[in-house]
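Comments concern the structure below.
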Amino acid sequence: MDTLPAPVEKKRLPDYDTTEWTDVALADSSIALDLKYATTDNFVETQLYECPRCLLRPEVAKALIKAHRELKAKGYGFKMFDCYRPRPIQWKLWEKVPDRRYVADPRKGSMHNRGAAVDLTLTDSAGLELDMGTPFDFFGKKAYHAYLDLPEEVLKRRALLKTTMERHGFQSTKTEWWHYAYIRKNYALSDFVWDCP
Ligand SMILES: [Zn+2]
């Protein structure tokens, strides 16, 4: 008589090369995702990702998770707006806005196209997004790190995000408080596009 197979615990298995990529949500589910390019709530008002996934190079994901856990102990958390951006998506973005002031030329690519940059903000311990002075992808001086005409608590949050990220190998950019690039390792541009359920 056949015996019934033991129930198999359902676990999502990685559907990508784990030596190349880490899915941040699978590695630490307490990091919130709000990937704007998987919605129409972005500056080109077009959904560019079929589904929201935050993939990063393994060392980059590891550093991000370390930074997140450090902030978690202080009552904060991360919410991701963008992570790895496949180069075919960069081409779509470039076709919409062929202007180097706003979009990286896909031929040259950006740190996002290498899986080494993140766009993120801070949340409180309940996962609620905190005021950082401007929304994500706000083009203007108010999003600059040097812009100081902001409420004290906003400046403190920007500084907390910046010092924490820098401690873990990320570099800020002058004009966008939400953008950080991992600079401890170099990665190639990538055309890999993740699967969707
Ligand atoms: Zn960015």
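Descriptive notes on the structure:
- Looking only at the range 17-35, and only at residues there that are over 11 Å from the mean Cα position of the chain (by Cα) and among the β-branched types (Val, Ile, Thr), the one that is nearest to residue 129 (Cα to Cα): 22
- Against the test of being surrounded by 14 or more Cβ atoms within 10 Å (Cβ to Cβ) and in contact with a Gly (Cβ under 8 Å, 6 or more places away or on another chain), the options 32, 67 yield a single qualifying residue, 32.
- Filtered residues of the range 161-186 (kept if surrounded by 15 or more Cβ atoms within 10 Å (Cβ to Cβ) and over 16 Å from the mean Cα position of the chain (by Cα)): 175
- Tabulated pairs, the range 160-189, first over 20 Å from residue 87 (Cα atoms), second basic (Lys, Arg) and more than 11 Å from the ligand (Cβ to nearest atom), C-beta under 6 angstrom, 6+ apart or interchain: 168/66; 169/184; 172/162; 177/158
- Elements of the type strands (runs of 3 or more DSSP E) sitting completely within the range 88-197 and holding at least 3 residues that are under 16 Å from residue 37 (Cβ atoms): these cover 117-124, 176-182.
- Residue check for residue 38: among the hydrophobic types (A, V, I, L, M, F, W, C) and out of contact with any Phe, Trp or Tyr (no Cβ under 7 Å at 6 or more places or on another chain): no
- Matching residues in the range 34-50 - criterion: being out of contact with any helix residue (DSSP H, G or I) (no Cβ under 6 Å at 6 or more places or on another chain) and either in contact (Cβ under 8 Å) with a residue 24 or more places away in the chain or of a type in the set (Val, Ile, Thr) (or both): 34, 35, 36, 37, 39, 40, 43, 46, 50
- Scoring residue 75 on the criteria (1) small (Gly, Ala, Ser); (2) more than 18 Å from residue 171 (Cβ to Cβ); (3) within 15 Å of the ligand (Cβ to nearest atom) leaves a single failure, condition (3).
- Test: residue 119 is among the charged types (D, E, K, R), within 17 Å of residue 78 (Cα to Cα) and within 12 Å of the ligand (Cβ to nearest atom): yes
- Evaluation of residue 133 against the conditions (1) within 15 Å of the ligand (Cβ to nearest atom); (2) over 17 Å from residue 64 (Cβ atoms) shows that the sole unmet condition is (1).
- Count of residues meeting criterion [in a strand (DSSP E or B), hydrophobic (A, V, I, L, M, F, W, C) and under 17 Å from residue 136 (Cβ atoms)] in the range 34-81: 3
- Total residues in the range 98-112 satisfying the condition of being more than 18 Å from residue 173 (Cα to Cα) and crowded, with 18+ Cβ neighbours inside 10 Å: the figure is 1.
- Pick from the range 161-185, criterion within 11 Å of the ligand (Cβ to nearest atom) and touching a Lys or Arg at 6+ places or on another chain (Cβ under 7 Å), ranking: farthest from residue 66 (Cα to Cα): 177
Quick note: the coordinates plus some simple rules give every number you see, no bench work behind them. The structure displayed is predicted, hence computed values, not measured ones. Note: ideal-geometry Cβ built from the backbone for every residue, glycine included; neighbour counts use all protein chains shown.
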